[in-house]
Amino acid sequence: MTRDLDRLIFDLRALHDDIRLISAELIMVAEWVRWRYGCRAYGKHFCCPPFVPDPEDTRKLLAGYRHALLVRMMVPPARDAGRDQARGRVHDHKTRLQRLVYEIAEKGLPFGIS
């Protein structure tokens, strides 16, 4: 890893400590991700199937990258929460993740990371 990437990862860990730089070749794209398995939001959001690129186009896109960032965000279980409360907690974490991805992209742009 170059010094620039080392520095970038160091800076990104100030935003979120559970970030790993991996080889983009490790990312597997399976055909089943396009299928609908009981998701009530299927077809309602532009970031979900059937609106996202198909697996082959995704593989082609990934082939243009050498590195990828793996970001893990834990969502603690809401043992005593009702269904609506649990959904709200997941939504809050999803919002945090979306903000984090935006901040990562913003910091990574000078390094060619988008």
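The values are calculated or read from the model by the stated rules, or taken from the named source; none is laboratory data. Predicted model, so just to flag it, every value in this text is computed and none were measured. Positions of Cβ are generated from backbone atoms using ideal geometry, with glycine treated the same way; all protein chains shown enter the neighbour counts.
Scanning the range 95-106 finds no residues that are of a type in the set (A, V, I, L, M) and over 14 Å from the mean Cα position of the chain (by Cα). For the structure I just gave you, tell me whether residue 21 is in contact with a Gly (Cβ under 9 Å, 6 or more places away or on another chain) and in contact (Cβ under 8 Å) with a residue 40 or more places away in the chain. No; evaluated as a whole, the condition is false for this residue. Could you tell me whether residue 8 is aliphatic (A, V, I, L, M) and either in a helix (DSSP H, G or I) or farther than 22 Å from residue 105 by Cβ (or both)? For residue 8, the condition - aliphatic (A, V, I, L, M) and either in a helix (DSSP H, G or I) or farther than 22 Å from residue 105 by Cβ (or both) - is met. Screening residue 51 with (1) in the same structural domain as residue 30 (by TED's automatic domain parsing); (2) in contact (Cβ under 8 Å) with a residue 12 or more places away in the chain gives one miss only, at (2).
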